[in-house]
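Each remark here refers to the structure printed beneath this line.
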Amino acid sequence: MNTVLGPIPAEELGFVAIHEHIGYGMPGSELDTKWWKSPEQRYEETVPKLRQFHEYGGGTFVDATGICNGRDIDYYQSLSEKTGVHIVACTGFVGGDAALPFFATASVEYLAQQFIHEITVGIGDTGGRAGIIKVGVSRGGRMTDLDKRIYRAAARASVATGVPILTHLAIDAENAIAIFTEEGLPLDRVLFGHVDDGVNAEKTRDTWIAEQGGRIGFDTFGYETELPDPPFWARPRKERLDHFLRFIGAGHLDKVLASADANCSPLGWPGVKGHTVNYIFEQLIPDLRAAGLDEATISTIFVENPAKFLAT
């Protein structure tokens, strides 16, 4: 299993936050004059959150920030060394519409080789290798041609390297599953993410995806309508929790992973104040215990399932 400081056995990942961000921004966000922060400011914001995560018992932080959206592997390596948290970086894209124009006409073969290089050789000249592949559906809810090429390239890279895939949103899953199946990728190597977000939850066929063999990510915990200034993808806290518990109760515990999709220090946008990766420990796990989940079930969600998914 690739972390930014080198490979480790999957059983050493410990408690995993499977879908988070050290800092996420759209291409060009560094040109913003209002929200852009200096490296020193970002470090000051991020280190305490990761240290708290580690003190709570967090072992691994999976950074789902793709190409063009603010990955900084040198920075991740420094953070990992300073906090003791394993950080897993990704290759791939959050969606075709989040890629720079350079990639607009890129072939499947070119994209697959890019992903494979970042997994097996490293990202840039950092020596840090990607441990997961990010793909996503562009705005509008249906895959564009570029999205489809990215999904197909990701499937080929996953088959070639064993590294799993994480999706941004689980909409248009029929097209995604068709591509993965055509490429011979077992669907348990794919985590279909954001099934719980407030915009797309009702349109996401989470049970059907699980029945096809895919893994399911409830990974926007903490984006609640109860926040003072909730984002547009927020959802009532109880509604999301009930959805999660129903899914587990329907016999899909072995398919589910959970996270908060929080930004430690957003790039070129204000982020959501008060929402951090530590929502998992401070709010979600107490909610799960109050709902009657035992410690073995919680461990399955945050330790055993991620280890099986991330193992290569």
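The values are calculated or read from the model by the stated rules, or taken from the named source; none is laboratory data. Note that the structure is predicted; figures quoted are calculated from it, not measured. As a convention, Cβ positions derive from the backbone with ideal geometry for all residues, glycine included, and neighbour counts pool all protein chains shown. Note: areas computed on protein heavy atoms with side chains; ligands, DNA, RNA excluded. Shrake-Rupley method; radii C 1.70, N 1.55, O 1.52, S 1.80 Å.
For the stretch 247-259, enumerate the residues that are open to solvent by 30 Å² or more (accessible area, probe 1.4 Å) and either in contact with a Phe, Trp or Tyr (Cβ under 8 Å, 6 or more places away or on another chain) or without any contact (Cβ under 8 Å) to a residue 24 or more places away in the chain (or both). Across the stretch 247-259, the qualifying residues are Gly249, Gly251.
One line per residue, one yes/no per condition, for (1) touching a residue at least 60 places away in the same chain (Cβ under 8 Å); (2) of a type in the set (Asp, Glu); (3) farther than 30 Å from Val163 by Cβ:
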site	(1), (2), (3)
Asp197	no, yes, no
Thr204	no, no, no
Ala210	no, no, no
Phe221	yes, no, no
Pro236	no, no, yes
Gln283	yes, no, yes
Pro286	no, no, yes
Arg289	no, no, yes
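Looking at Gly274, Gly268, just one residue is open to solvent by 10 Å² or more (accessible area, probe 1.4 Å), closer than 30 Å to Pro27 by Cα and touching a Lys or Arg at 6+ places or on another chain (Cβ under 9 Å), and that residue is Gly268.
Could we say that Asp97 is under 19 Å from Pro27 (Cβ atoms), open to solvent by 10 Å² or more (accessible area, probe 1.4 Å) and among the charged types (D, E, K, R) here? Before the answer, list the steps.
On the way: under 19 Å from Pro27 (Cβ atoms): yes; open to solvent by 10 Å² or more (accessible area, probe 1.4 Å): yes; among the charged types (D, E, K, R): yes.
It is true that Asp97 is under 19 Å from Pro27 (Cβ atoms), open to solvent by 10 Å² or more (accessible area, probe 1.4 Å) and among the charged types (D, E, K, R).
Taken residue by residue, the stretch 201-224 has at least one member that is in contact with a strand residue (DSSP E or B) (Cβ under 9 Å, 6 or more places away or on another chain), over 26 Å from Lys49 (Cα atoms), part of a loop (DSSP other than H, G, I, E, B) and open to solvent by less than 10 Å² (accessible area, probe 1.4 Å). Does at least one position in the stretch 40-50 carry a residue that is open to solvent by 40 Å² or more (accessible area, probe 1.4 Å) and either touching a strand residue (DSSP E or B) at 6+ places or on another chain (Cβ under 9 Å) or aromatic (Phe, Trp, Tyr) (or both)? Yes - at least one qualifying residue is present in the stretch 40-50. Of the set (1) more than 15 Å from the chain's Cα centre (by Cα); (2) farther than 24 Å from Ala106 by Cβ, all apply to Phe221 but (1). Is it the case that the stretch 237-246 has a residue that's more than 16 Å from Asp287 (Cβ to Cβ) and open to solvent by 20 Å² or more (accessible area, probe 1.4 Å)? So far as the stretch 237-246 goes, no, none of its residues is more than 16 Å from Asp287 (Cβ to Cβ) and open to solvent by 20 Å² or more (accessible area, probe 1.4 Å). When you check Ala130 against the structure, is it in contact with an Asp or Glu (Cβ under 8 Å, 6 or more places away or on another chain) and either open to solvent by less than 50 Å² (accessible area, probe 1.4 Å) or among the aromatic types (Phe, Trp, Tyr) (or both), yes or no? Yes: the conditions hold for Ala130.
Quick one: how many residues across the stretch 101-127 are surrounded by fewer than 15 Cβ atoms within 10 Å (Cβ to Cβ) and within 30 Å of His86 (Cβ to Cβ)? First the steps, then the outcome.
Step one: of the stretch 101-127, the residues surrounded by fewer than 15 Cβ atoms within 10 Å (Cβ to Cβ) are 101-102, 104-105, 107, 109-110, 120-121, 124-125, 127.
Cutting the leftovers down to within 30 Å of His86 (Cβ to Cβ) gives us 120-121, 124-125, 127.
Total satisfying the criteria: 5.
Remark: pairs (first residue in the stretch 165-185, closer than 24 Å to Ile116 by Cβ; second residue modelled with pLDDT under 95 and of a type outside the set (Ser, Thr, Tyr); Cβ separation under 7 Å; 6+ apart in sequence or on different chains) are absent.
For Phe61, which of the numbered conditions (1) buried (at least 24 other Cβ atoms within 10 Å of the Cβ); (2) touching a Ser or Thr at 6+ places or on another chain (Cβ under 6 Å) fails to hold? Status for Phe61: all satisfied but (2). If only residues of the stretch 266-312 that are of a type in the set (Gly, Ala, Ser) and not in a helix (DSSP H, G or I) are counted, the one that is modelled with the lowest pLDDT is Gly274. Selection within the stretch 1-30: residues that are hydroxyl-bearing (Ser, Thr, Tyr) and over 18 Å from Gly128 (Cα atoms). The member of this set that is surrounded by the most Cβ atoms within 10 Å (Cβ to Cβ) is Tyr24.
Thr33 fulfils the conditions (1) assigned to a helix (DSSP H, G or I); (2) open to solvent by 40 Å² or more (accessible area, probe 1.4 Å); (3) β-branched (Val, Ile, Thr) except for a single criterion, (1).
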